[in-house]
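Asks: Shown below is the structure under consideration.
The values are calculated or read from the model by the stated rules, or taken from the named source; none is laboratory data. What you see is a predicted model; the values in this text were computed from it and never measured. Backbone-built Cβ (ideal geometry, glycine too); neighbour counts: all protein chains shown. Heavy atoms of the whole protein, side chains included, go into the accessibility calculation; ligands, DNA and RNA do not. Shrake-Rupley method; radii C 1.70, N 1.55, O 1.52, S 1.80 Å.
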Amino acid sequence: MELRLKALAESEHGLVELNNCKLPARTSFKVAKVINIIAKEIELFNQAKIKKAEELGDKQDDGTYKIREENIDKFRKEIDELLNTKVDLEFSQINLKELSDVSISPSAIRSLGSILTE
């Protein structure tokens, strides 16, 4: 399945909520597999973002980076380009029927849109 990094980053909220739900064993296994695959891609994205922040910003006392004023537009542009990068992931979409007995918020469902199917 081909998805943009932006869709993966947006799915994080829903995956966290779904991960905390009680699910049948088969569905739970499928969800765990999807979470592991997406988590790896999100981690790589975060590493790239930190590397860019190190390059274009200054480290603060709390360990975070503040992007230098003259680099803000460049940073945003490069992160937007990164978020629009397509990645090919090997997982089966989760069918909404598999979640029929689960209480999950509408915002979580919305964030999971790219990995759910009807």
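Asks: Identify, from the list Lys40, Lys51, the residue that is modelled with pLDDT of 90 or more and over 21 Å from Leu3 (Cα atoms).
Replies: Lys51
Asks: Follow-up question, since we're still on this one. Looking at Glu78, is it open to solvent by less than 90 Å² (accessible area, probe 1.4 Å), among the acidic types (Asp, Glu) and in contact (Cβ under 8 Å) with a residue 40 or more places away in the chain?
Replies: Taking the combined requirement at face value, the residue does not satisfy it.
Asks: Residue by residue through the stretch 1-42, note down the ones that are among the polar types (S, T, N, Q) and either assigned to a loop (DSSP other than H, G, I, E, B) or open to solvent by 20 Å² or more (accessible area, probe 1.4 Å) (or both).
Replies: Once the filter is applied, which keeps residues that are among the polar types (S, T, N, Q) and either assigned to a loop (DSSP other than H, G, I, E, B) or open to solvent by 20 Å² or more (accessible area, probe 1.4 Å) (or both), the stretch 1-42 yields Asn19, Asn20, Ser28, Asn36.
Asks: Follow-up. Select from the stretch 20-52 the residues that are farther than 17 Å from Ser92 by Cβ and among the polar types (S, T, N, Q) and list them in ascending order.
Replies: Those that are farther than 17 Å from Ser92 by Cβ and among the polar types (S, T, N, Q): Asn20, Asn46, Gln47.
Asks: Considering only residues that are acidic (Asp, Glu) and over 18 Å from Thr64 (Cα atoms), which ones fall in the stretch 32-51?
Replies: Glu41
Asks: Do the conditions hold for Asp62, that is, is it more than 25 Å from Gly113 (Cα to Cα) and open to solvent by 80 Å² or more (accessible area, probe 1.4 Å)?
Replies: Against the criterion (more than 25 Å from Gly113 (Cα to Cα) and open to solvent by 80 Å² or more (accessible area, probe 1.4 Å)), Asp62 qualifies.
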